[in-house]
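First up is the structure itself, then whatever we jot down about it.
The values are calculated or read from the model by the stated rules, or taken from the named source; none is laboratory data. Model, not experiment: these values are computed from the prediction. Backbone-built Cβ (ideal geometry, glycine too); neighbour counts: all protein chains shown. In case anyone asks, the SASA skips ligands and DNA or RNA and just uses the protein heavy atoms, side chains included. Shrake-Rupley method; radii C 1.70, N 1.55, O 1.52, S 1.80 Å.
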Amino acid sequence: MNKLVLEILGKLNEKENLLIKKPFLGAMSMLSNKDISKYKLPKIDRNNYIYIMNTRNEGDLLLGEKYNVIFSIGNPKEYLKSDVEVDYLSMNEDDNIKLMPDGKGGFVGLKFKNEVPEITKFLKQNDDEQFDNNIHSFLFFTTQEVMNKILDELDKVENV
């Protein structure tokens, strides 16, 4: 499923610049309290906030960008609705920016309207941990509009 989802995302981005024009963020790891201290990031309330490490993004990532869907690359049909906002961006230790440029990466603070959902437990949980495909999953944050396009493309492929 992972490869198929990546192919669909590539196709949608090539055809519509979807990952550039619409809110879309990928993550494979979040930061522990130890990591937050190590990188000198502001302390957070873990009930409704996480930091993720974003290695690269398509298009600019903006402070205040909002998402209402989270899905795992391995199981996009089981997506979760959740109100999430980019509340913090940093490309270097101890800075705070309003825009992370296209192709760049860094730390992203995500604030959840309610509590942090269980699906985030599929992310690699700290810097010391190795990513394990049997335990971890790549998560995507996006909008219902984008999710509908992904599901439509997935249905087309599965119904051939």
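Some points to look at:
- Residue that is surrounded by the fewest Cβ atoms within 10 Å (Cβ to Cβ), among those in the range 8-45 that are closer than 17 Å to Y67 by Cβ and in contact with an Asp or Glu (Cβ under 6 Å, 6 or more places away or on another chain): I20
- Conditions (1) out of contact with any Phe, Trp or Tyr (no Cβ under 6 Å at 6 or more places or on another chain); (2) open to solvent by 70 Å² or more (accessible area, probe 1.4 Å); (3) farther than 19 Å from L12 by Cβ; number of the one not met by K111: (1)
- Among the residues of the range 46-59, those that are within 22 Å of L6 (Cα to Cα) and either surrounded by 14 or more Cβ atoms within 10 Å (Cβ to Cβ) or over 14 Å from the mean Cα position of the chain (by Cα) (or both) comprise I52, M53, N54, N57, E58, G59.
- Single condition N57 does not satisfy, out of (1) under 15 Å from L139 (Cβ atoms); (2) at pLDDT 90 or above: (2)
- Of all residues in the range 114-142, those that are open to solvent by 90 Å² or more (accessible area, probe 1.4 Å), polar (S, T, N, Q) and in contact with a helix residue (DSSP H, G or I) (Cβ under 9 Å, 6 or more places away or on another chain) total 1.
- Test: residue in the range 69-78 that is under 17 Å from F138 (Cβ atoms), more than 11 Å from the chain's Cα centre (by Cα), open to solvent by less than 50 Å² (accessible area, probe 1.4 Å) and at pLDDT 95 or above: yes
- Test: residue in the range 143-152 that is in contact with an Asp or Glu (Cβ under 9 Å, 6 or more places away or on another chain), in contact (Cβ under 8 Å) with a residue 40 or more places away in the chain and open to solvent by 10 Å² or more (accessible area, probe 1.4 Å): yes
- Subset tally (residues that are over 21 Å from E118 (Cβ atoms) and either aromatic (F, W, Y) or in a helix (DSSP H, G or I) (or both)) for the range 136-160: 13
- The condition of being free of Cβ contacts under 8 Å to residues at least 12 places away in the same chain and over 14 Å from L31 (Cβ atoms) holds for only one of E65, E85, E78, that being E78.
- For V108: the one exception among (1) more than 18 Å from K34 (Cα to Cα); (2) modelled with pLDDT of 95 or more: (1)
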